Amino acid sequence: MAQVASTPLPSSRPQRYDHRALEARWQARWAADRLYQAHVDTTRPKYYALVMFPYTSGDLHLGHWWNFAVADVHARYKRMRGFNVLFPPGFDAFGLPAEGAAIRHGTHPYTWTMDNIRNMERQWRTMGGSYDWSKELATCLPEFYRWNQWFFLQFYKRGLAYKQKAPVNWCPKDQAVLANEQVHNGRCWRCDTPVVKRDLEQWFFRITRYADELLDFSGIDWPERIQTMQMNWIGRSEGVEFRLPVADHPGLAIAAFTTRIDTVFGMTYVVLAPEHPLVGQLTTPSRRAEVEAYVAQTRRQTEIERLATDKEKSGVPIGSYAVNPANGERLPIWIADYVLASYGTGAIMAVPASDERDWEFARKFGLPIRVVVRPADDPAAVTPERLPGNRAYVDPGVMVNSGEFDGLPNRDALERIADWFEGRGVGERRVNYRMRDWLISRQRYWGTPIPMVYCPNDGIVPVPEAELPVLLPADVEFRTAQGENPLALSQEFVNTSCPTCGGPARRETDTMDTFMDSSWYFLRYTSPDTRDAPGFDQDSVRYWLPVDQYMGGAEHAVMHLLYSRFFIKVLRDMGLVEFGEPFRRLYNQGEVLGPDGKRMSKSHGNVVNPDEHVGRSGADAVRGWLMFLGPWDQGGHINMSALGAIQDLLQHIWDLATGPAPAPAHGAGDAELRRLTHGTIKGISHDLDGFRFNTMVSKLMIFRNELRRIRDASEQGVAGQGVGRAAWDEAIDTLIRLAAPSFPHIAEELWTAARGHPYSVHQQPWPEYQEALLAQAEVVLVVQVNGKLRDQLRVPVAVAGDQAQLRELALALPRVRQFVGGGTVQKVVVVPGKLVNVVVT
Ligand code: ANZ
């Protein structure tokens, strides 16, 4: 294997490390050779490595590099490990900013987006990544989004897509719906107008049908934190839904959901959400003005503001009363913003003694508090003043003031009262989820048109599959649109004919949430040219999916990562895929911060553009720089000293690989060098397996230091045990291969051009370490007599496990002989590699 190492390099070879020439040259060669193009090959183990695709915002900044370049190190490593790797790039290309740019600059969203893609792709390619550009996709192209429409139709057929009135954030000035993220302190992010809730007909996906299945994470290896966030988001709770008759309104009842039916005797008032449909009917004339003012005030708040626990409680009574079905008591009905219309039934039984929010509310408005569960160890704690800490008691305890249930542990009472209610037909056990159905309609232009038609005769009619895609119209006016959906203004788009009766009809002008695109783009990557349903080649998907390693930010914990899981489960139930989880392993990398330690943003003026650094220092240096900034999952902040350290590393690797080998008879000896080489392979492999890129780079640096030390000793003529040519060549060739995933260009140049090995280093197997070479040359064992330390034994590794020899050597030690003295050796206990104990009587 060793070839040309110490012969002077031919003059045509670059003597100096010049990243400029070599990076461009190798990138062109890899592209021409389609080195990273993935093909289905059932004879090889596959590995689907995926980074969350970027939004087409305009530029790739160093934060993108942090994601994509480091992920590339992982993909390259897996390739050298023998996997058939699929590693595709693409663009998340629909979304609001394109429309904003269109309004501001008068460009079409398509033009703006495609220009950005071109620029970002150019930057992306300078990374020297092993991305398979033949798989590239952009979600804003009809060849992609027609399948969104096709999936929508299938969901509709299966009852998983439906239309319903729902309250949305509405800016009265812009005349536009806003996403929750676009509401800042109750005001529009653009014009600062107070945002109101408005009920609009919206399209939903019935993700709640899969709620229970989405709580099951078995079979996937995801960070605990993300699983917990999804579980909290789904928010499964078991409880009882029961009815409270309304006093003086025969036949009318309020349904309430509670997880604590055991506390039903402690209910002292009832609260409806201000938006509850019964509020109008149950408000008495004398209360009307106050109630209406309160309802209007609530509509201006976001859900997040309403739920804040530190918020001062507010509410008003509406003048009517409800009857507690457990004891017949008449209780006042209030409305308050801490009760949400969208959860449970939008109404609660309030038990101030057992619930913190109800306690605060009751205290503020002077409502009664009745203790029904007391601490088990305090029989006197039956009044509010006697409760521990003078606050709501929420822990398990013993029932009081609850009729026949008094004295029971409250857990038992909970089941008994649930049975009692069910037996009397007053209520039923129920499971509730905090998660709502996925609202997918957006009143915007730059998204996938929802393929539905409204006909005066036939109602809502799906567009026939054969007529897909429903294309976004090109001639749309953006400037005049006062925040209104430009699609709705396009007569050419809106006016159509009914697929059923042929008469005049109107198209749906809502487009789909862009999370629709990201819910399945990873299927399309396997076969991006597919023109047939279902929008991906099923054989390719069978081979490549699920994704083996997904890499992306933790900010996607609930939306994208939950929607994708839902989507795949639906596709599985449709028989389109054979798996139920899209991403087998998930890794959340941290964030790279600006030089000032702050999040990079244009407003902070601390955005670092990679182009400049790539131009000056080379892509390899920037890749290493990023890895060296900190652990990948934690992030780090940009500092120039780290870049300098990487530039030194690259120069030193270059010098070692192109310079002469140490003269034999100098240096540390083959055994030590090989132990170093193989120990480094082991350490670096371990780090790469665990995504510890920063410590991996440190290990390369240590390896580099040691090799330089050996070489320098040789140059200075320091006598040693001698490093043979084979061991040196092994070390250098290993160094290059270990560096190849991180520094693909310099590694290729050194491997192929400088050392004359067969192209490409990126198709070489990953070096394997030999365990036997890792062991220390000598091992020191402790020698005891009757359990007391008396001496030590230094033996060659080969002897350290040889019981008979160790016994003999230990007994021969002078100090052992001294302590054995005239006694009899009963036995010699040998723990190989560690200890010899001589037992004497
Ligand atoms: C009485 C009670 C007594 C409650 C008690 C709790 C403790 P999770 O676990 O999140 O499902 N609740 C029900 N619907 C609500 C709504 N629309 N808005 C605000 N709060 C609502 O919580 C269920 C509990 O949250 C329910 O149980 C109800 O208060 C409240 F000692 O009923 B509970």
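The values are calculated or read from the model by the stated rules, or taken from the named source; none is laboratory data. Keep in mind that this is a model prediction, so the values were computed, not measured. A quick note on method: Cβ atoms are made from the backbone with ideal geometry, for glycine too, and the neighbour counts reach across all protein chains shown. Note: accessible area is taken over every heavy atom of the protein model, side chains too, but ligands, DNA and RNA are not part of it. Shrake-Rupley method; radii C 1.70, N 1.55, O 1.52, S 1.80 Å.
Might you work out the accessible area of His686 for me, using a 1.4 Å probe with all protein chains in place, and round it to the nearest 10 Å²?
In the full protein context, His686 sits at about 110 Å².
As a test of the definition: which semi-axes, in Å, follow for the range 66-158 when you take the square root of five times each eigenvalue of its alpha carbon gyration tensor? Largest first, please.
29, 22, 10
To the nearest 20 debye, what charge dipole does the chain have about its Cα centre, counting +1 at the Cβ of each Lys and Arg and -1 at the Cβ of each Asp and Glu?
Computed charge dipole of the chain: roughly 1360 debye.
For a quick protection proxy, order the peptides 219-228, 516-525 by their average other-Cβ count within 10 Å, most packed first.
Packing proxy ranking, top to bottom: 516-525, 219-228.
Quick check: residue separation of Glu808 and Lys173 times 0.36 nm, minus the Cα distance between them. What number comes out in nm?
Roughly 219.1 nm would be gained on extension.
What residues qualify as long-range amide H neighbours of Val779, i.e. H under 5 Å apart, gap of 5 or more or another chain, H built at 1.01 Å from N?
Val795, Val797
Can you give the relative contact order of the range 763-841 as a percent, counting alpha carbon pairs under 8 Å and 6+ residues apart?
Reported as a whole number, the value is 32 percent.
Quote the FRET efficiency, to the nearest 0.05, computed for Trp133 versus Arg81 with a Förster distance R0 of 25 Å and r equal to the Cβ-Cβ distance.
0.65
Net charge around Val70, counting only other residues with Cβ within less than 15 Å of its Cβ (Lys, Arg = +1; Asp, Glu = -1)?
Result for the neighbourhood of Val70: -2.
Do any of Lys197/Lys311; Lys173/Lys311; Lys135/Lys569; Lys569/Lys682; Lys682/Lys827 go past 30 Å between their Cα atoms, and which?
Over 30 Å apart, Cα to Cα: Lys569/Lys682; Lys682/Lys827.
Quick one: if you stick a label point 7 Å off each Cα along the C-beta vector at Asn639 and Glu422, how many nm between them?
6.2 nm
Which of the aspartates and glutamates could a cross-linker span from Lys834 if the Cα-Cα distance has to be under 18 Å and same-chain partners fewer than 8 positions apart are dropped?
Counting by Cα, and skipping residues close in sequence, Lys834 has these aspartates and glutamates nearby: Glu778, Asp791, Asp802, Glu808.
Of the listed peptides 802-813, 412-423, what is their order by residue-averaged count of other C-beta atoms within 10 Å, with the highest listed first?
Going from most to least packed, we get 412-423, 802-813.
Whole-Hz Karplus ³J(HN,Hα) for the range 444-458, in order, using 6.51 cos²θ - 1.76 cosθ + 1.60 and θ = phi - 60°, x for Gly and Pro?
Values per residue, Gly and Pro as x: 9, 7, 7, x, 7, x, 6, x, 10, 10, 10, 10, x, 8, 9 Hz.
Can you pull the accessible area of Arg187 for me, 1.4 Å probe, Å² to the nearest 10?
Approximately 100 Å² for this residue.
Calculate, for Arg815 and Asp712, the FRET efficiency according to 1/(1 + (r/R0)^6) with r their C-beta to C-beta distance and R0 41 Å; round to the nearest 0.05.
0.50
Which residues does the label zone of Leu252 cover in the range 322-351, counting backbone N under 11 Å from a point 7 Å along Cα→Cβ?
322
Kindly provide the helix-only [θ] at 222 nm of the chain, computed as the sum of -39,500 (n - 2.57) over DSSP H runs of four or more divided by all residues, to the nearest 500 deg cm²/dmol?
-10500 deg cm²/dmol
Could you tell me the center-to-center distance, by alpha carbons, between the range 16-38 and the range 527-585 in angstrom?
Here the two parts' Cα centres lie 32 Å apart.
For the peptides 334-347, 17-30, what is the packing order when you average, over each peptide's residues, the other Cβ atoms within 10 Å and list the highest mean first?
334-347, 17-30
Which whole-number percentage describes the relative contact order of the chain, with Cα contacts under 8 Å and a sequence gap of 6 or more?
It comes to 14 percent, rounded to a whole number.
Please find the FRET efficiency linking Arg187 to Asp59, where r is the Cβ-Cβ separation and R0 is fixed at 35 Å, and quote it to the nearest 0.05.
With R0 = 35 Å, the Cβ-Cβ based efficiency is 0.75.
Using bins 10 angstrom wide from zero, how does P(r) for the chain break down, in % of all Cα pairs?
Bin by bin from 0 Å, the calculated values are 2, 10, 16, 17, 16, 14, 11, 8, 5, 2, 0, 0.
Amide H to amide H, which residues 5 or more places from Val840 or on other chains are under 5 Å from it, using H placed in the peptide plane?
Those lying under 5 Å, H to H, from Val840 are Asn786, Gln826.
Where the centroid of each part is defined by its Cα atoms, how far is the range 733-755 from the range 216-270 in Å?
Cα centres, the range 733-755 to the range 216-270: 60 Å.
Among all helices in the chain defined by DSSP H, which have a length of 20 Å or more along the axis from Cα atoms plus a Kyte-Doolittle mean of at least 0.0?
Membrane-span-like by this criterion, though nothing is claimed about a membrane: 559-573, 640-658, 725-739.
Give, in nm to one decimal, the length gained when the segment between Arg16 and Val825 is fully stretched (0.36 nm per residue of separation minus the Cα-Cα distance).
So the chain would gain 284.4 nm between Arg16 and Val825.
If you take the charge dipole of the chain about its Cα centre, with +1 on Lys and Arg Cβ and -1 on Asp and Glu Cβ, which of Phe204, Leu523, Gly447 is farthest toward its positive end?
The residue sitting most towards the positive pole is Leu523.
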